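Undergrad: First the structure, which I've put down as structure tokens, then a few questions once you've had a look.
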Protein chains: 2
Amino acid sequence: MTVSTGNWFGLVETDLEQMTDNLQNLVAAKHPVLKEAAEYLFRVKGKRVRPAIVLLASRATASKGMLTDRHRRLAEITEMIHTAGLVHDDVIDTSDLRRGMDTVNAHFTNKIAVLAGDFLFAKSSVYLSRLGSLEVVELLATVLEHFGEGEILQSVRQFDPTLTFEEYIDKSFYKTASLLANSAKAAAVLSDSPRDVCEALYDYGKHLGIAFQIVDDILDFTGSTAVLGKPAGSDLQEGHLTAPALFALEEHPQLAVLIEGGFANNGDFESALKLIHASRGISRSRELAQAHARQAVQVLEVLPQSPARQALSDLSDYVLDRLY
Amino acid sequence: MTVSTGNWFGLVETDLEQMTDNLQNLVAAKHPVLKEAAEYLFRVKGKRVRPAIVLLASRATASKGMLTDRHRRLAEITEMIHTAGLVHDDVIDTSDLRRGMDTVNAHFTNKIAVLAGDFLFAKSSVYLSRLGSLEVVELLATVLEHFGEGEILQSVRQFDPTLTFEEYIDKSFYKTASLLANSAKAAAVLSDSPRDVCEALYDYGKHLGIAFQIVDDILDFTGSTAVLGKPAGSDLQEGHLTAPALFALEEHPQLAVLIEGGFANNGDFESALKLIHASRGISRSRELAQAHARQAVQVLEVLPQSPARQALSDLSDYVLDRLY
């Protein structure tokens, strides 16, 4: 069943708008260029799935479902950390475009991008320490460590067709799901929730994040340049093997030769794309994403029934809806 | 009176050696290139003034002068944060050499340098949270914020002869002294010291750090290429005005014209260097460094007498000794 976006979004729409305004103030910088970079970064009022999860996890666990200032701050910190990670990723990957917009390194310079990312990480560390929970500090610090591990796992196995599914899922956890898992758990910690509820929200974020990443990886093959803001198959072209390619490799061993060769010959890349589309790679990836989304919904059962719990559940449908 | 290095160093020599070995284990990374970068970074067993201050501040405040594991970990974290800051600074300033050695961005790539810096910041955040003191987390997180502010203050006023002394001292505090001030105070916090002792160690680190920076800035003019690992006057050439230039500007207004022009004409930079050497800029800078070093020693008087307190005091002589 296809569920409309409104279901989960309505409950936190006002909170998210408030957060966006507040983010601009929180990262207010003295340097005019850094101020400009921050405004550039927080200008796009997208869906903001990450802080939405934190706010919903907060409402689902807080006493009487009431958000506290600390819950709101945690949502802001989560968005800051996510943004800082993107900015440095784009420097590391020398990317020029993200969602059809110039990246910070392209719009400004590498120098400004390194500085802006560091500044956001530093600000988020300071605000984190002021939340008054060492456990929450450690949860979010672990996310930063995982960002690095994920980037490493990705870069060390470029153009390597022996990459295992386990390594791919690990990489997806480190780069995407860890932030969702640890920040959702942190929301429950701030609510003084029992341990099983804290762990359930961690598992929710983990499975939802992995589903989210697999969907992204499918869209990289099936989306149009206009929607993706980059050409289809970009990940593969850069040697990053994702679920559709890994499944296709099981059916078409000749794909391994093309990948290992780095698509050096004219037409190699196009042949690889054809093999993937001719395989069951996309449909099996979709099934895998669905399985993780289902697991995300299941673990929510330890939480008491509430509109926020329902919204978290609907959100997992929304993640899959992006495929249709 | 010139004091030999041994006086302050002897007391923590074994601790520092142990720390250096331990740092390699703490930042052990899965990625072979990142492992290589970490080994490259921690290979040089220099004087390690920063962790030495933390260890001495710990001994000067701890019960019976005994270092705890938390004190040792704080010293390691301080060195990690310092190193991460250097690595990103070199990316931002596109520097190729540091102390006569290739920088990480030059020896490896910008990509590895951004990643290695992020990884060290992340590791230090995780270890910080495990120290179990929110106050210590906030003190060190503030250092990260100050690194950014310092880099900003520096870059926004390049080639600007209207830079004030206050701005120069602020920049020196943010870039250099904040780490010494906040980590020395954190050592006292971990010792459960009374507030006045914590604040005294903050002030000690602040004044020592500013003295240290001024001495560095003098050496940039008076040192040889062999000692500096870069040509003399490098800071000035890049438009960074430091104490000797700021004092010289008061005597020689024509220096302002050369700076503002960015040394565009042949011989401009050499003329500027001559004006600075002909002025009282260097000697007045030396006096300023001495004044800050004296203040650092004075604030130590609230601490009980101990070999560690004496070593901290001797360290301020050592900072000045680098000038002779």
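Undergrad: For the subset of region A:114-134 comprising residues that are more than 7 Å from chain B (Cβ to nearest Cβ) and surrounded by fewer than 24 Cβ atoms within 10 Å (Cβ to Cβ), which member is nearest to A:Ile77 (Cα to Cα)?
TA: The qualifying residue nearest to A:Ile77 (Cα to Cα) is A:Tyr127.
Conditions tested, residue by residue: (1) touching a residue at least 24 places away in the same chain (Cβ under 8 Å); (2) within 27 Å of A:Asp89 (Cβ to Cβ).
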position: A:Ser234; (1), (2): no, yes
position: A:His252; (1), (2): yes, no
position: A:Asn265; (1), (2): no, no
position: A:Ser271; (1), (2): no, no
position: A:Ile282; (1), (2): yes, yes
position: A:Ala289; (1), (2): yes, yes
position: A:Ala311; (1), (2): yes, no
position: A:Ser316; (1), (2): yes, yes
position: A:Val319; (1), (2): yes, yes
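Undergrad: Specify the residue that is farthest from the chain's Cα centre (by Cα); the eligible residues are those in region A:135-180 that are more than 10 Å from chain B (Cβ to nearest Cβ) and hydrophobic (A, V, I, L, M, F, W, C).
TA: That would be A:Phe159.
Undergrad: Now a separate question. Taking the residues in region B:86-110 that are at the interface with chain A (Cβ under 9 Å from one of its Cβ atoms) and buried (at least 18 other Cβ atoms within 10 Å of the Cβ) as candidates, determine which candidate is modelled with the highest pLDDT.
TA: B:His88
Undergrad: Scan region A:198-207 and tell me whether some residue there is surrounded by 14 or more Cβ atoms within 10 Å (Cβ to Cβ), in contact with a His (Cβ under 6 Å, 6 or more places away or on another chain) and either among the acidic types (Asp, Glu) or part of a helix (DSSP H, G or I) (or both).
TA: yes
Undergrad: Right, another one. Look through B:Val33, B:Val12, B:Val54 and report the one residue that is assigned to a helix (DSSP H, G or I) and under 30 Å from B:Leu153 (Cα atoms).
TA: Answer to the check: B:Val54.
Undergrad: On to the next question. May I ask you to list pairs of residues, at least six apart or on different chains, whose Cβ atoms are under 8 Å apart, with the first in region A:9-33 being within 14 Å of chain B (Cβ to nearest Cβ) and open to solvent by 50 Å² or more (accessible area, probe 1.4 Å) and the second being assigned to a helix (DSSP H, G or I) and at pLDDT below 75?
TA: A:Ala28/A:Lys35; A:Ala28/A:Ala38
Undergrad: Scan region A:58-82 residue by residue and report those that are within 17 Å of A:Tyr127 (Cα to Cα), of a type in the set (S, T, N, Q) and either within 14 Å of chain B (Cβ to nearest Cβ) or open to solvent by 30 Å² or more (accessible area, probe 1.4 Å) (or both).
TA: A:Thr68
Undergrad: Which residue pairs have Cβ atoms under 9 Å apart, sit 6 or more places apart or on different chains, and have a first residue in region A:140-151 that is within 11 Å of B:Asp118 (Cα to Cα) and of a type in the set (A, V, I, L, M, F, W, C) and a second that is open to solvent by 30 Å² or more (accessible area, probe 1.4 Å) and not in a helix (DSSP H, G or I)?
TA: none
Residue-wise test of (1) of a type outside the set (A, V, I, L, M); (2) within 25 Å of the chain's Cα centre (by Cα).
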| position | (1), (2) |
| --- | --- |
| B:Asp268 | yes, no |
| B:Ala272 | no, no |
| B:Leu275 | no, no |
| B:Ser283 | yes, yes |
| B:Arg286 | yes, yes |
| B:Gln290 | yes, yes |
| B:Gln295 | yes, yes |
| B:Gln298 | yes, yes |
| B:Glu301 | yes, yes |
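Undergrad: Here is a follow-up. May I ask you to say which residue of B:Ser224, B:Ser234 is within 19 Å of the chain's Cα centre (by Cα) and among the small types (Gly, Ala, Ser)?
TA: Just one listed residue meets the conditions, B:Ser234.
Undergrad: Then there is this: Looking at region A:119-135, can you tell me whether even one residue there is under 20 Å from B:Asn110 (Cβ atoms) and of a type outside the set (A, V, I, L, M)?
TA: yes
The values are calculated or read from the model by the stated rules, or taken from the named source; none is laboratory data. Please read these numbers as outputs of a predicted model, since none were measured by experiment. Counting neighbours? That spans all protein chains shown, and the Cβs are built from the backbone with ideal geometry, glycine included. Accessible surface areas use protein heavy atoms only, side chains included; no ligands, DNA or RNA. Shrake-Rupley method; radii C 1.70, N 1.55, O 1.52, S 1.80 Å.
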